[in-house]
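Take a look at the structure set out below.
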Amino acid sequence: MIDFHRDLNEPQREVVSDVDHPILVLAGAGSGKTRCIIYRAAYLIHERNVPPWKLLIVTFTNKAARELQDRLEHLLHIPMRSLWVGTFHSICLRILRYESSSLPYNANFSIYADDEQKSVLKKIYKEHGYDVQKYPINKVLARIGRYKNRLMLPEDIDIAETKHNPFLGGFLQIYRHYQQALLMNQAMDFDDILLHTARLLRENSSVRAKYQDIFQYIMIDEYQDTNKAQFEIIHQLALVHQRVCVVGDDDQAIYSFRGATLRNILEFERDYRDVRTIRLEQNYRSTTAILDLANRVIKQNKQRHPKELFSELGEGMKPVLNVYSDANVEAEQIALDISRQWSLGKNLRDIAILYRTNAQSRLFENALMQRKIPYSIVGSLNFYQRKEIKDLLAYLNCLGNPADNESLLRIINEPPRGIGQTTVNRLLGFAAKTRISLFSAVQNQVAIKEMNSGAHKRVAEFCGIIEEWRAMSTRLPVADLVKEIVEELGLVSLYRKSSDPKDIARAENLIEFVASVNEFAERFAIDNERAALLEDFLPYVALQTDLDKVSEELDSVRLMTLHNAKGLEFVVVYLAGLEDELLPHRMSMDTIEEIEEERRLFYVGITRAKRELILSLAEARRLYDTYSFTQPSMFLDNLEDVLDSPGHIAAPAQSSYRKPKNKIRESQKHFKIGQRVWHKEYKQGVVLSVDGMGRDAVVTVSFKNGKLIKIVGSFLQTESVT
């Protein structure tokens, strides 16, 4: 028997029981929002007799979706196989595969991540002669992503705009070629998954009506992190019945760089009729002293729904602010304190070091290694992005989608089988001339007269292997299929023969991959009462993220950026690098909106801590080959009464750092770190470090053309040039 009254506080009960109106739940950090979503689903199924398949629940990570489903099953004591629960990408992927007849894609289209996207663009640049200096690949991909988040394909961009913007004209041509290449490969990138779903629901009335009827009740978690495409998907689904409940916290909106817009949560009351707003302000994670700091910090922001977190967990220890003489000392002292905590019996998995940028991890890794303290980095190279795993996945992608040229090019000679670049070029040329896929060219290799008999034989053998595995993939359970492929390719034994530790690690990763396929297959069989096939596994693995691989079992200190810390909690949190130009970051200090998002990032870091929060900053930090003197973060202003500050901690005698006699503050310098400058030859750039005070100071500048140059400041103009 579910006791909604006992298990929930009053605002949570309101969220759960009001299922007939649009609901905006402003859920402060640690306020039990996941519990609300689970109990609301349970209330609809148990009390209102709504079938599970009539519910749509969208979560931020795949891991969160699995946990939510498990907890709901435990609460109701019935299977939840028919419940639609998952991330936006996983839900949209299901819809697109079901509705492939309404799309120019087949149901088994591939999903291209960053590496495949770049590979496609490089081929386009080579074929059409685009200058990578003029059209940097990362910049082009970022712009493509922004257009797709706004639901704009090349044909939706106003050509008139290109007349006065030569870059936009060239970019538009590249965008067209890119989309054509994806279609030819029967592939979508991650932004396409959302874009095509949103446009399908908006433009196809029969598909829209079908899913409006299926999804009678909609719940969205982390609504503050949604973009325009995600907004459009939900808006189209809820257009008629308006039974949509969004849960989020505008104070934790930190993903504008991914296209998320704060507008969605701030203006929800304008988007739907008769909206009811409910605030969850009781925090079940942190002590009062930590929340006092969090509340004080976030109140400085103007763009927010007002809310005040409180806790009944007691006053607790005041957050501590330590000031270190340099960044090395900061890392050494934090490692020393963690060693002390460990010796007192604290679990390392309950301790985290948070920082603003990935580059900051190096000093902490060194300090922890020296003290033999186990650590793991959250958000480092994704398991599924490692070379050997990507090679194996490319084989699986080819079996599922033979039109996927990028995957086929990756594996045609991996492991080496004597198919060299000359043979590959002849296959590609034949495919282009006859307008067929690369795999079709492989199948028809006898028609390519330029290839010698040895090349014909090797390509035919490769084709036979792929066709045999393709036939197996439609009937053989995916766990057995993957094991068969790994054993037949001999990859594990190949890597194990090497004396290179990297190759030995690759063998271990492949073994781990096979284990992960088995885990997926076991869970799939429980949920679906049949064996998982390749077509079931590929969508699952394509959507795995760093956060889905965080191990709860490994007892190690967690190192991560503030962006990766969202949604997690730890007993002890060290929040390092609280300096202007690090937090807030030098590239995010131009507008009030950017400063407010950086402050929200600080707030997210603070609210990860359950019992102890130790903040720190360094008075000096090495940037390239010089030391730069820092200023405390502007976010620390006027916090004296909610912080415990023992004061400055000097560098020990063995420190490599020696403070110069005449200390030059950043405020005294003519050039500032993060400042935009202009050079007549190298054009626009950003200052990374300054050695000296006046215009003749030696300045290290990162220019937009990719050059990193140390130059006398008198050769630079300081005004921004667009």
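The values are calculated or read from the model by the stated rules, or taken from the named source; none is laboratory data. None of these values were measured; they are calculated from a predicted model. Cβ sites come from the backbone with ideal geometry, for glycine too, and all protein chains shown count toward neighbours. When the accessible area is computed, the model is the full protein with side chains, heavy atoms only, and any ligands, DNA or RNA have been set aside. Shrake-Rupley method; radii C 1.70, N 1.55, O 1.52, S 1.80 Å.
Odds and ends about this structure:
- Strands (runs of 3 or more DSSP E) (entirely within the range 616-660) containing at least 3 residues that are modelled with pLDDT under 60 and open to solvent by less than 70 Å² (accessible area, probe 1.4 Å): none
- Which listed residue is more than 20 Å from GLU569 (Cβ to Cβ), part of a helix (DSSP H, G or I) and open to solvent by 30 Å² or more (accessible area, probe 1.4 Å), from ARG304, ARG279, ARG270: ARG270
- On the stretch given as the range 282-291, residues that are touching a Gly at 6+ places or on another chain (Cβ under 7 Å) and either in a helix (DSSP H, G or I) or among the β-branched types (Val, Ile, Thr) (or both) total 4.
- Residue that is nearest to TYR112 (Cα to Cα), among those in the range 339-360 that are surrounded by fewer than 21 Cβ atoms within 10 Å (Cβ to Cβ) and of a type in the set (Ser, Thr, Tyr): THR357
- Here GLN252, GLN236, GLN224, GLN230 are screened, and the one residue that is polar (S, T, N, Q) and more than 25 Å from the chain's Cα centre (by Cα) is GLN236.
- Apart from one condition, LEU321 fits all of (1) within 27 Å of THR87 (Cα to Cα); (2) open to solvent by less than 60 Å² (accessible area, probe 1.4 Å); (3) of a type in the set (A, V, I, L, M); the exception is (1).
- Taking every residue in the range 98-114 that is without any contact (Cβ under 8 Å) to a residue 60 or more places away in the chain and surrounded by fewer than 17 Cβ atoms within 10 Å (Cβ to Cβ) and pairing it with any residue that is in a loop (DSSP other than H, G, I, E, B) and not β-branched (Val, Ile, Thr), at least 6 positions away or on another chain, the pairs with Cβ-Cβ distances below 6 Å are SER100/ASN106; SER100/ALA107.
- Within the range 329-361, the set of residues being closer than 21 Å to LEU583 by Cα and either in contact with an Asp or Glu (Cβ under 7 Å, 6 or more places away or on another chain) or of a type in the set (Asp, Glu) (or both) comprises GLU330, GLU332.
- Residue list for the range 120-154, restricted to those being among the aliphatic types (A, V, I, L, M) and out of contact with any helix residue (DSSP H, G or I) (no Cβ under 7 Å at 6 or more places or on another chain): ALA142, MET152
- Set ALA294, ALA260: member being among the small types (Gly, Ala, Ser), part of a loop (DSSP other than H, G, I, E, B) and under 27 Å from the mean Cα position of the chain (by Cα): ALA260
- Taken together, the residues in the range 542-569 that are within 20 Å of the chain's Cα centre (by Cα), at pLDDT 85 or above and β-branched (Val, Ile, Thr) amount to 1.
- Residue, surrounded by the most Cβ atoms within 10 Å (Cβ to Cβ), within the range 116-172, restricted to residues that are in contact (Cβ under 8 Å) with a residue 60 or more places away in the chain and touching a strand residue (DSSP E or B) at 6+ places or on another chain (Cβ under 9 Å): LYS148
- The range 570-598 - residue that is hydroxyl-bearing (Ser, Thr, Tyr) and surrounded by fewer than 23 Cβ atoms within 10 Å (Cβ to Cβ) and, of those, farthest from the chain's Cα centre (by Cα): THR591
- Residue identified as part of a helix (DSSP H, G or I) and buried (at least 20 other Cβ atoms within 10 Å of the Cβ) among ALA41, ALA29: ALA41
- Some residue of the range 233-241 being open to solvent by less than 20 Å² (accessible area, probe 1.4 Å), more than 16 Å from ILE144 (Cβ to Cβ), in a helix (DSSP H, G or I) and β-branched (Val, Ile, Thr): yes
- Output for the range 189-220, where each listed residue is in contact (Cβ under 8 Å) with a residue 12 or more places away in the chain and open to solvent by 20 Å² or more (accessible area, probe 1.4 Å): PHE190, ASP191, HIS196, ARG199, ARG202, ASN204, ARG208, GLN212, ILE214, GLN216, TYR217
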